[in-house]
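A quick write-up on the structure given underneath.
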Amino acid sequence: MKRRRRNRSRAGVRPAAWCALAAAGVLLAAAQLGGEAGAQEALSKLARSPGFLSCVTALEFGVRADAAEVYVPRAAAAARDEDAAEPQSESVYVPSAPENAAPVLSAPDKAATLTINNDTDYDVDVAACLASDTHIRAEGDGPQVLVFHTHASESYTPDAAFPYTPTETERTTDTRYNVVRVGDELCTALEKRGIETLHIRSLFDTPTYAGSYDRSLAAVEQALEENPSVKVVIDLHRDSILTDEGEAYKTSCTVDGAETAQLMFVVGTDAGGLYHPDWRDNLNFVSTLQYALNRAYPSLMRPVNLRTQRFDQHASPGSLLVEVGSSGNTLPEALSAVRLFADVLADEMTGM
């Protein structure tokens, strides 16, 4: 698929913004020269005006605040460790409360830069991550990419095209409808680009959820031992974003006129006490890859999420945990997203 580069025009917001600033300038001059109480009061009201603040934001960022989207991270305490009896999803994003009217960039503008949401106590320099310019190339014979699913039974919202019956809430053991199907699509797309792949289609999270990371790690370590040609290891998941009432949200964007699930990279560290000395190398690789994805498809990626958990990413350099949409998305939206991801990953691995 042909990739598109998009630049948002700011022409539509500049006139109103300049007029607002000009009015402020006139009032300020009047207040300074004459000290008139009326001018000072008008200036104070203008500074508190949501419309004025919106115009100033528009002048600075090229987007009006009332058209923006805002997301609020969950507290770090909401993420439980790998050995928890009832671990939560890897999600760290929920839609913000309606009363949060703080002006922010819209999703496409925000995606034009790299954002790392840091749930650890480590200092992370985004500029340094990008400056590392870390690439992983496909070289030699044999599989170059390993795809697996620690939580393979994660599924999507049934629709007319995929009207399956979930085995349990937001999950199914039927690999035609869960994230294993999304992994199949990723492997097919990469193979079409000449990137040989290996797909572990086992369900590590059923019948018992606890211990799924231990089981998937054993399978990955065996696969890496048998296939030393592997350069990139992808643990592909589906996120879950729920309200307190249990309503499922979806993460979506529009690419080439089609509604598509959004993606998120989750990067593990050793902050939780588990061995993972090279996590910064993984973060540098993810940063380079996310920057390429942002340029190709500006609204596709959610911010990178840096976590205290390790997520078995110590097993190999080039380890990725990719959240493909959420439970509120449909399977076709997830398949569309993973094809776009494969497009950019193949470019990165072939140096195109």
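The values are calculated or read from the model by the stated rules, or taken from the named source; none is laboratory data. Predicted, not measured: the structure shown is a model, and the values here were computed from it. As a convention, Cβ positions derive from the backbone with ideal geometry for all residues, glycine included, and neighbour counts pool all protein chains shown. With ligands, DNA and RNA removed, areas are computed over all heavy atoms of the protein, side chains included. Shrake-Rupley method; radii C 1.70, N 1.55, O 1.52, S 1.80 Å.
Subtract the Cα-Cα distance of Tyr122 and Thr169 from 0.36 nm times their separation in residues, and report this length gain in nm to one decimal.
13.4 nm
Roll a 1.4 Å probe over the protein chains and send me the accessible area per residue for the range 213-333 in Å².
That works out to 34 Å² for each residue.
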Amide H neighbours of Arg238 at under 5 Å, excluding residues fewer than 5 places away on the same chain, with H built from the backbone geometry, are Val324
Using alpha carbon centers only, the range 257-283 is separated from the range 178-196 by a whole-angstrom value of 20 Å
Whole-Hz Karplus ³J(HN,Hα) for the range 169-182, in order, using 6.51 cos²θ - 1.76 cosθ + 1.60 and θ = phi - 60°, x for Gly and Pro? 3, 6, 9, 8, 8, 7, 6, 6, 10, 9, 5, 4, 5, 5
One finds, for Asp281 and Ser229 with R0 = 22 angstrom and r their Cβ-Cβ distance, a FRET efficiency to the nearest 0.05 of 0.70
Non-local residues with an amide H under 5 Å from the amide H of His199, with H modelled 1.01 Å from N and Pro and chain starts lacking one, are Val147
Overall form of the range 223-352 per C-alpha gyration tensor (a/c, 1.5; a/b vs b/c): oblate
Once the piece of chain linking Ser132 and Ala160 is laid out straight, how much longer is it, given 0.36 nm per residue of separation minus the C-alpha distance between them? 5.6 nm
Have a look at the DSSP beta bridges in the range 195-352 and tell me what percent are antiparallel, nearest 5. 50 percent
³J(HN,Hα), Karplus 6.51/-1.76/1.60, whole Hz, each residue of the range 216-223, x for Gly, Pro: 5, 4, 4, 5, 5, 4, 5, 5
Whole-Hz ³J(HN,Hα) for each residue in the range 313-330, computed from phi via Karplus 6.51 cos²θ - 1.76 cosθ + 1.60 with θ = phi - 60°, x for glycine and proline: what do you get? 7, 6, 5, 7, x, x, 8, 10, 10, 10, 8, 9, x, 9, 5, x, 7, 8
